[in-house]
There are 2 protein chains.
Amino acid sequence: MNLTILGCYAATPRTFTNSTAQILDIKNRLFLIDCGEGTQVQLRKNKIKFSKINHIFISHLHGDHFFGLIGLISTFMLLGRNTDLHVHGPKGIKEIIKLQLKLSNSWPTFNLHFNELEAKESVVVYEDEKVIVRTIPLKHRIYTNGFLFEEKVEARKLNSQVVASYNIDKCYFQNIKNGKDITLDDGRVISNGELSLDPPVPMRYAFCSDTVYNEAIIPLIKDVDILYHESTFLDSEEALASKTMHSTAKQAATIALKAGVKQLILGHYSTRYDKIEIFKEEALTVFPNILLAEDGRNFSF
Amino acid sequence: MNLTILGCYAATPRTFTNSTAQILDIKNRLFLIDCGEGTQVQLRKNKIKFSKINHIFISHLHGDHFFGLIGLISTFMLLGRNTDLHVHGPKGIKEIIKLQLKLSNSWPTFNLHFNELEAKESVVVYEDEKVIVRTIPLKHRIYTNGFLFEEKVEARKLNSQVVASYNIDKCYFQNIKNGKDITLDDGRVISNGELSLDPPVPMRYAFCSDTVYNEAIIPLIKDVDILYHESTFLDSEEALASKTMHSTAKQAATIALKAGVKQLILGHYSTRYDKIEIFKEEALTVFPNILLAEDGRNFSF
C-alpha cells in the first residue's frame, strides 16, 4: 500500500502548499482522494499516470477538497481518455460538473459516472475482488464523508515445494488455497497448514478529513493500520477548531489512541502556522506513532 | 499601463506553465482578465495584492479561462474581503459560481456582482472617469468576447510657470484645463496653448483570446497601442487552428498588420510546442513589432 500526499493544507492553495488531494495505491488500484485546485499539476509533478486513475473519492464540497475536479476531468478529455471514470462524492457534485461541461459545450470522450452520496451511516462505495471502500460519516459544517480503504483477505498461497514433494495434482490447488486438507491416493491426510502459506495480512487505510473531534467514528476505524486524521489547528486554537468544526493535533491523536490504530498521519494544517513540526510535537504527547503529511511525501506501508 | 502575464498557455495547466490570466494595471485600476485554474497562486507568486482587484473580465467559459474563478472568490471570502467584486463574463457564469457557493454553504462577505454578457455586438462593460472597457466579439467554439481597455482623454495640464507669470487667478484654472484662452485684466488674450500642456496620450489595450482568424474585429482594435492576440498554433497547423477555431502566429500578425496596431503580444500557445520563440519568428515574417507573452512576464507601456 502506497500513499502519495499531493496536498495537505487547509483553505487555500499557495505558492508552495496545496490543498487536499492524495493518491492511494492499494492492490494496484490508484485511487484519488479529494481534489483541491491544482491537483492535476500536483499529479504531474509527482509523475502519477493520469490514465491509471479510474475512481475519485470526494469527501465534501468545500473548495479546498474539490475545486480541482472539473479541471482534471477536462484534462482527461483533452488527453483523449476513453476508459470509464467514477466520481464518488456528496449529492450535488454531478450538477456542478455537468453544468460546467454544458456551458463549455465540452463533452467527455469517456463514460463519466457519478456515485452521489447522501447516507448518514457508513455505506460501501466501491468493491472488487481485492478491495472494498466504505464511507466514514464525519461531522463538519456541511455533509462530509471520510473513506475506509480495506484490502480483502486473499486466498492462502501454495507452498509449491511441499505440494510438489507430495506429487499433488493441479486440480486440488484451488482447494488448498481455500484452506482444505488433502487426502493422498495412499490415504494419508496432509494438513493445509503444511501445503499452504498464510496470505499477506490485509491492510486498512482510513482517511478522515474534514471533521470536528468525533468519537462516533472510532468503531469504524478500530485498529486500522493507518489513519489520516485532519489536524487543522493546535490545542491553543481548540475553541476555533470547535467553532469551525475542525480538529486539533491533540484531538486527532486522541482518536488514534482510542481507536487503537497503528499509525496516525496528521494533515490539513491551517496556513496560519509557519512550521508543521509543532503538530507532531503536540500529538506525540498523546499517541506515539505520528507521521506528518507533507506535499509530495510518499508513504509505503 | 502595466500588463502582467500570469498564464499564457492553452488547454491545461502544467508544472511550469499556466492557463490564461493577466493583470492589467490601467490608471491605477487593477483588472484581472481571465482566470484559469491556479490563478490565485500565480497572483501570489507575482505579488499582486488581492484586495486591489475589483473587476474580473472572463472571455469565455472554457476551463483554461475561468476554472480558477471559484477558488479566487473563495479565497477572497477567507481573507475577509468586504469591498464589492464585479465579474463580467458570459451568461451562465453566475449560475456556476452561485451553485458552488450554495453547495458549500459558503456565502461571500462582500457584494458579488455579475455582469452577464450575451450581446453579439461590442458593448461597454465598464466605465469610470478615466477608463472605459468594451467587449470585442470574437469567433470561437462557444460565445466569447475579447476586451478593449481604453484610457479616456484627460483634461489639459496647467503650465504652472506660465500661469504664475501672468498672475492668473485660481478661478480660471479649470477653464484653462478645459482648453479655453484667457483674457487678462489689461485686455490681452493669452492662448490656451501657452497656458497649458498636452495631457498624456491615452493608451488602448486589446485582449483577443480565444478566436479564429476574424477580420471583423479590425475596426474595433484599429490603431490600438497593444494587441494581445491568441496564437495557439503555427502556420503548419493552420487546418487544425481553423477546425478548433483558434489562430496561428501568422494570422495573429496579419490581424495586427491590418489593424495598424503598434505592438502585438502573442500568447495562448498550444502545449504541443516545446519552445515559444518559433511563434515570434513566424509572426515577424508578417509584422515587425512582436512580443511573446510568458508566465510571470511584465510589460510596461
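The values are calculated or read from the model by the stated rules, or taken from the named source; none is laboratory data. Source: prediction; values computed, not measured. Glycine gets a Cβ as well: all are built from the backbone with ideal geometry, and neighbour counts include every protein chain shown.
Things to note:
- Out of A:143, A:126, A:166, sole residue that is among the aromatic types (Phe, Trp, Tyr) and not assigned by TED's automatic domain parsing to the domain that holds residue A:21: A:166
- When residue B:274 is tested against the conditions (1) closer than 15 Å to residue B:230 by Cα; (2) at pLDDT below 95, the lone failure is (1).
- Test: residue in the range B:109-119 that is at negative phi, touching a helix residue (DSSP H, G or I) at 6+ places or on another chain (Cβ under 9 Å), part of a loop (DSSP other than H, G, I, E, B) and free of Cβ contacts under 8 Å to residues at least 40 places away in the same chain: yes
- Of all residue pairs spaced 6 or more apart or on separate chains, those with beta-carbon atoms under 7 Å, a first member in the range A:1-25 that is among the polar types (S, T, N, Q) and at pLDDT below 95 and a second member that is buried (at least 24 other Cβ atoms within 10 Å of the Cβ) and part of a strand (DSSP E or B) are A:12/A:19.
- With respect to the conditions (1) in a loop (DSSP other than H, G, I, E, B); (2) loosely packed, with under 14 Cβ neighbours inside 10 Å, residue A:202 lacks only one, and its number is (2).
- Within the range A:54-65, residues that are under 21 Å from residue B:96 (Cα atoms) have Cβ atoms under 8 Å from residues that are modelled with pLDDT under 95 and not small (Gly, Ala, Ser) in these pairs: A:64/A:12; A:64/A:13, counting only partners at least 6 apart in sequence or on another chain.
- Some residue of the range A:35-50 being over 13 Å from the mean Cα position of the chain (by Cα) and away from chain B (no Cβ under 12 Å): yes
- Of everything in the range A:6-22 that is out of contact with any helix residue (DSSP H, G or I) (no Cβ under 7 Å at 6 or more places or on another chain) and surrounded by 24 or more Cβ atoms within 10 Å (Cβ to Cβ), the residue that is farthest from the other protein chains (Cβ to nearest Cβ) is A:22.
- Scanning the range B:26-40 for residues that are touching a residue at least 60 places away in the same chain (Cβ under 8 Å) and touching a helix residue (DSSP H, G or I) at 6+ places or on another chain (Cβ under 8 Å) returns a single hit, B:34.
- Qualifying residue in the range A:110-128 (condition: surrounded by fewer than 20 Cβ atoms within 10 Å (Cβ to Cβ) and within 10 Å of chain B (Cβ to nearest Cβ)): no
- Pairs where the first residue, in the range A:165-179, is closer than 14 Å to residue A:190 by Cα and the second is part of a loop (DSSP other than H, G, I, E, B), C-beta under 6 Å, 6+ apart: A:177/A:155; A:177/A:156; A:179/A:156
- Test for residue A:135: is it under 28 Å from residue B:103 (Cβ atoms), free of Cβ contacts under 8 Å to residues at least 40 places away in the same chain and surrounded by 18 or more Cβ atoms within 10 Å (Cβ to Cβ): yes
- Residue among B:61, B:79 that is within 11 Å of another protein chain (Cβ to nearest Cβ) and more than 22 Å from the chain's Cα centre (by Cα): B:79
- Residue match in the range B:247-270 (condition: assigned to a strand (DSSP E or B), of a type in the set (Val, Ile, Thr) and either at pLDDT 95 or above or not assigned by TED's automatic domain parsing to the domain that holds residue B:150 (or both)): yes
- Looking only at the range B:146-185, and only at residues there that are of a type in the set (Lys, Arg) and not in a helix (DSSP H, G or I), the one that is nearest to the chain's Cα centre (by Cα): B:152
- Qualifying residue in the range B:133-140 (condition: within 14 Å of another protein chain (Cβ to nearest Cβ), of a type outside the set (Phe, Trp, Tyr) and outside any strand (DSSP E or B)): yes
- Residue in the range B:141-156 that is within 14 Å of chain A (Cβ to nearest Cβ), among the hydroxyl-bearing types (Ser, Thr, Tyr) and crowded, with 18+ Cβ neighbours inside 10 Å present: yes
- Residue among A:160, A:196, A:191 that alone is polar (S, T, N, Q) and crowded, with 16+ Cβ neighbours inside 10 Å: A:196
- Of the residues making up the range B:69-95, those that are under 27 Å from residue A:102 (Cα atoms), surrounded by fewer than 18 Cβ atoms within 10 Å (Cβ to Cβ) and either at pLDDT below 95 or touching a strand residue (DSSP E or B) at 6+ places or on another chain (Cβ under 7 Å) (or both) are B:86, B:91, B:94.
- Given (1) under 24 Å from residue A:90 (Cα atoms); (2) under 22 Å from the mean Cα position of the chain (by Cα), index of the condition residue A:243 fails: (2)
- Taking the criterion of being part of a helix (DSSP H, G or I), more than 8 Å from every other protein chain (Cβ to nearest Cβ) and either of a type in the set (Asp, Glu) or free of Cβ contacts under 8 Å to residues at least 24 places away in the same chain (or both), the residues of the range A:82-99 that qualify are A:94, A:98.
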